[in-house]
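Single-structure report; data block below.
We did not get these values from a lab; they are worked out from the coordinates using the rules stated. Small disclaimer: the values here were computed from a predicted structure and weren't measured. When we count neighbours, we look across all protein chains shown, and the Cβ atoms used for this are built from the backbone with ideal geometry, even at glycine.
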Amino acid sequence: MLQPHRQLLVGGRREPLGKRALDVLSFLAEAQGAIVTKDELLDAVWPGIVVEENALQVHIVAVRKALGPEAHRLKTIRSIGYQLALDPSAIAASNVTPGIAEPQDPRVGRGEHRIPVVLRALAAGGPGDQTEAALASGITDELIVRLRRMPELRIGTADREGQVVTDVFENAYIIDGTLRSNGDRLRVAARLSSSEGEILWSQTFDHRLADLFDVQEQIAASIADALSVSFDVGANSAEYGGTDDPEAFAAYLQFRVHQLHPDQTVPMRYLERAISIDPAYIKALGAMSTSYGIRAAHAGSRKEALELLLEQDKSTQRAVAANPNLWVGHVARGWYYNNRRDFRSCEASMQLAAQLDKGNDPELPKLLALYAFSVGRTKKGLALLNSAALIDPIYRHDPAFVWGFLQSEQYDEAVDLYGRLAASEPGRHLAFSSYAFWAQLCLGNEWAAIQFARQQGIGTGDDLLAFKADETLLAMPSAKVKQWAANKYGDGGHFQLVNAALNAGYCKHPQLAMVLMGLALERPGNYAVSAFWNPALAEARKTDAFGQLVAELGLETMWRESGDWGDFSHPRETGVQFK
């Protein structure tokens with residue numbers, strides 16, 4: 001029964017349903033059995049927002065899933081819209097909102113009614129092309145494995161004629177698609193259809209053919225993630241802070257690709273798009289923390305940086321309040337505290353997030369790994385990335401490993417991994433390109449590193465050349481460096497000063513590196529602390545100035561209270577010894 005306070009009751013118990021799906025169901029119910037056109041639903045559920053018809057179709061899937069044995073009441077009127085067949089007795093029993101008949105067996109609930117889905121083998125585009133046929137078969141097999149990890153789905157595989165010989169899948173959803181290759185490019189078109197043949201979702205996935213097995217995994221993972229949103233199941237579901245809207249999810253994925261883009265208006269536009277489509281998308285709300293933090297570090301003035309940190313504070317509080325029992329908001333809140341250099345509160349938020357881990361979302365251990373790297377716990381960070389790979393094997397090649405490899409002085413591994421990732425998906429891993437740049441420098445390949453930076457479109461290589469050519473700065477007394485920084489960056493420039501400190505450390509000027517790092521920390525932002533563990537600052541970490549800075553920041557207190565000193569610091573009776 002659909003209650004007036006926006007709950008769907010099935011068998012007398014509340015059935016979880018996302019906001020948009022509830023909007024769809026409510027509008028259909030209010031029509032009292034009349035046909036509702038697709039345009040009418042789109043205008044009612046997404047007023048003032050332009051969305052594709054796919055967005056409506058996946059919420060229809062969510063409603064049918066929630067209705068369980070009564071799903072047949074939601075009828076598709078081909079090329080027109082939808083009709084919800086109502087129980088007249090339920091309408092008479094309620095003077096507020098039309099009702100939906102409850103199933104005969106009240107024991108049937110969401111967990112006991114698995115969604116039947118039939119997977120047909122991907123069709124290779126080129127007749128007789130053995131490579132395409134092998135890829136199509138490999139992706140299909142990988143997709144079967146991934147979908148069967150979702151307990152809410154009952155997965156069947158079709159025979160060569162596309163049929164399943166069992167009544168269990170009589171009214172099942174159908175997943176099929178095609179695969180085509182062109183040189184080193186691979187395109188897979190996948191779709192989800194109802195048992196009546198209506199296309200509910202479709203998407204195209206493009207990849208470069210660098211490593212055949214990796215490509216199979218990546219494409220299967222992308223399809224499975226998109227389908228999990230369509231069915232609202234798994235770690236991407238609304239229940240776990242995700243969304244049941246594929247357009248919102250697509251925008252969020254674009255944010256993740258561009259989240260460390262130098263121009264932070266790029267990822268922010270994707271997040272704003274995701275949240276405008278699904279205001280209850282907690283992962284998108286939490287992700288705003290990343291963008292605000294990066295923009296604060298790049299801010300041109302102190303005033304701008306503090307305003308951005310205030311926005312980060314608001315967005316992370318909103319993410320926590322949306323569902324305090326999910327890890328998402330607490331990780332976002334932790335990054336906010338990190339940017340305010342409140343390391344004790346940051347540590348507490350990250351520990352709370354870890355306690356809320358349900359073990360089904362690889363993004364949590366990955367984000368905890370990034371936090372570990374940022375406070376000098378490199379071994380722990382690498383272990384967390386490996387635990388993410390146990391949840392989803394695709395994470396064994398996550399670009400975050402490049403950061404961990406650099407800090408653990410595994411320079412060849414860092415360069416090799418980034419090279420393989422860039423070859424398969426150019427442009428998608430630029431967020432970690434600076435770590436690959438520093439790994440090449442640490443291998444003694446300075447010119448190759450500079451050329452690499454230019455190829456990747458990052459300025460670190462040319463910044464290093466400019467720094468080495470600035471003889472005035474290199475010979476400048478420490479007292480005058482502060483005036484130099486003020487003249488060049490005003491009361492902003494946190495990010496630029498940190499990079500200057502790294503360049504000074506690399507050029508064997510540890511004292512200058514610490515002066516520049518101290519000036520960076522006089523400005524809002526916290527890129528500085530995550531850069532402490534770069535090998536370029538190995539000599540600078542041995543200076544008294546570094547120990548004093550760490551104590552003033554409160555890092556020593558946080559390490560001492562947590563008992564986790566990481567890989568670069570060791571407690572002494574008075575102070576800390578660094579390496």
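Between Thr37 and Lys480, the simple label model (points 7 Å from Cα in the Cβ direction) yields a spacing of 7.6 nm.
Bridging of Lys379 to aspartates and glutamates at a Cα separation below 12 Å is possible for Glu409, Asp564, Asp567, once same-chain residues fewer than 8 apart are set aside. Rounded to two decimals, the Cα-based Rg/Rh of region 424-489, with Kirkwood Rh, is 1.10. Around the amide H of Val118, modelled in the peptide plane, lie the amide H atoms of Gly156, Tyr173, Ile174, Ile175, all under 5 Å away and 5 or more residues distant in sequence or on another chain.
Calculated [222 nm] ellipticity per residue, helices only, for the chain: -16500 deg cm²/dmol; basis is -39500 (n - 2.57) per DSSP H run with n ≥ 4, divided by all residues, nearest 500. Spherically averaged projected area of the convex hull of Cα atoms, region 235-356: 6.9 nm². Relative contact order, whole percent, for the chain stands at 9, derived from Cα pairs under 8 Å and 6 or more residues apart.
Under a 5 Å amide H cut-off, with hydrogens placed 1.01 Å from N, Leu153 pairs with Ile115 among residues at least 5 apart or on other chains. Inter-part distance, region 335-383 to region 131-181, computed on C-alpha centroids, equals 37 Å. The relative contact order of region 358-463, computed from alpha carbon pairs under 8 Å that lie at least 6 residues apart in sequence, is 18 percent. In order along region 432-445, the Karplus-derived 3J(HN,Hα) couplings, from 6.51 cos²θ - 1.76 cosθ + 1.60 at θ = phi - 60°, round to 10, 5, 5, 5, 5, 4, 5, 5, 5, 4, 5, 7, x, 9 Hz, and Gly and Pro are given as x.
Phi angles of region 456-467 translate, via the Karplus equation with coefficients 6.51, -1.76, 1.60 and θ = phi - 60°, into HN-Hα couplings of 7, x, 10, x, 4, x, 5, 4, 5, 4, 5, 5 Hz per residue; Gly and Pro are given as x. Cα centroid separation, region 191-209 to region 229-252: 16 Å. Angle of helix 510-520 to the longest C-alpha principal axis of the chain, folded into 0 to 90 degrees and rounded to 10: 50°. Mean separation of Cα pairs under 8 Å and 6 or more residues apart, divided by the residue count, gives region 235-356 a relative contact order of 20 percent.
Computed from backbone phi with θ = phi - 60° and the Karplus coefficients 6.51, -1.76 and 1.60, the 3J(HN,Hα) list for region 474-484 is 5, 9, 6, x, 4, 5, 8, 5, 4, 5, 4 Hz; x is used for glycine and proline.
Label positions at Asp412 and Glu307, each projected 7 Å from the Cα along the C-beta direction, are separated by 5.1 nm.
Over the chain, what is the percentage of antiparallel beta bridges among all DSSP beta bridges, to the nearest 5?
75
The tail of the calculated P(r) for region 504-579, taken as Cα-Cα distances beyond 21 Å, holds 22 percent of the pairs. Computed over the chain, the alpha-carbon pair-distance distribution with 10 angstrom bins reads 3, 15, 24, 23, 16, 11, 6, 2, 0, each value a whole percent. Between the C-alpha center of region 498-550 and that of region 38-61 there is a gap of 52 Å. Once divided by 2.2 N^0.38 Å, the Cα radius of gyration of region 115-234 becomes 1.02. Bridgeable lysines around Lys65 (alpha carbons under 22 Å apart, same-chain partners fewer than 8 residues away excluded): Lys19, Lys38, Lys75. Close amide-amide hydrogen proximity is noted between Ala123 and Gly177, Thr178, Leu179, each under 5 Å apart and 5 or more residues distant or on a separate chain (H modeled in the peptide plane; Pro and chain starts excluded).
Checking the table Lys283/Lys380; Lys303/Lys380; Lys366/Lys482; Lys488/Lys579 against a 30 Å threshold on Cα-Cα, which pairs fail? Beyond 30 Å: Lys303/Lys380; Lys366/Lys482; Lys488/Lys579.
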